[in-house]
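Structure, as structure tokens:
Only the coordinates and a few stated rules stand behind these numbers; no lab work does. Keep in mind that what you see is a predicted model, and the values were worked out from it rather than measured. No Cβ is skipped: glycine too gets one built from the backbone with ideal geometry, and neighbour counts run over all protein chains shown.
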Amino acid sequence: MAAFSKDQVTVIDHPVVHRDLTILRDKNTPTAPFRQALARIATILAYHSLISIPLRETRVTTPIQDTTGFELNSNIIVVPILRAGLGLVDGIIQFIPDAKVGHLGMYRDETTHKPIDYYVKLPDGIKTSFVLLVDPMLATGGSAHDAIGYLKKQGAKKILFMCLISAPEGIRHILDNHPDVHIVTAAIDDCLNNEAFIVPGLGDAGDRIFGTL
């Protein structure tokens, strides 16, 4: 496995994540438990992705007395890359229910392996929000690179990319082109095969999430 700086990439090392990754990798896992395991991991990934969100102090009255509390000092926008990214949204929203959700529709050309945009819908306030861009797989990095570039053109200043499984090639592609974007992932796998699938990976995440195998 390639080594990357912790300032650039956070790899989540957690017993529940390791257990659920095994469920996701198993080709015999049916759709329902696949989705459940994915949602559990998404919540854990969201926890780590939002660990540095700034806070502001506020006053709150408990049943006993006034005390100091905290509020998030940044709006959060979750942007899944369609369609597979949708599989992570429920788990994230369980953790941060007031996050807004935008959508970026992209697909990979099976011949060129380049991303093609087909749908975009983003909430207002992207210029001042913390944007959590999510996709289960970071393979070549083409779709993520394209999505990050688009978000930056819309004025996004703070972008974090969250994924389930990543390939070293995809991580390097993002870091070379977007060194300001931190990556949070549950695993860095070995490499890409000739068809640009992650090895060992888990196959096509979108097909397994939506039962379209």
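DSSP assigns beta bridges within segment 59-161; of those with both partners inside it, close to 40 percent run antiparallel.
Principal-axis analysis of the Cα atoms of the chain puts helix 86-95 at an angle of about 20° to the longest axis. Straight-line cross-link partners of K100 among the lysines, defined as a Cα under 23 Å from its Cα and at least 8 positions apart when in the same chain: K121, K127, K152, K153, K157, K158. In the chain, the longest principal axis of the Cα atoms and the axis of helix 142-153 are about 40 degrees apart. Each residue of the chain gets 137 Å³ once the volume of the Cα convex hull is shared out per residue.
The Cα center of segment 3-66 and the Cα center of segment 137-213 differ in position by 17 Å.
Helix 168-177 sits at what angle to the longest principal axis of the chain, using alpha carbons and giving 0 to 90 degrees rounded to 10? Long axis of 168-177 versus the principal axis of the chain: about 60 degrees. Scaling the Cα radius of gyration of segment 34-126 by the globular reference 2.2 N^0.38 Å produces a ratio of 1.43. Viscosity 1.567 mPa s, temperature 4 °C: Stokes-Einstein D of segment 86-194 from its Kirkwood Cα radius, in µm² per second? The estimated diffusion coefficient comes to 90 µm²/s.
Taking Lys and Arg as +1 and Asp and Glu as -1, the other residues whose beta-carbon sits under 15 Å from that of N75 total +2.
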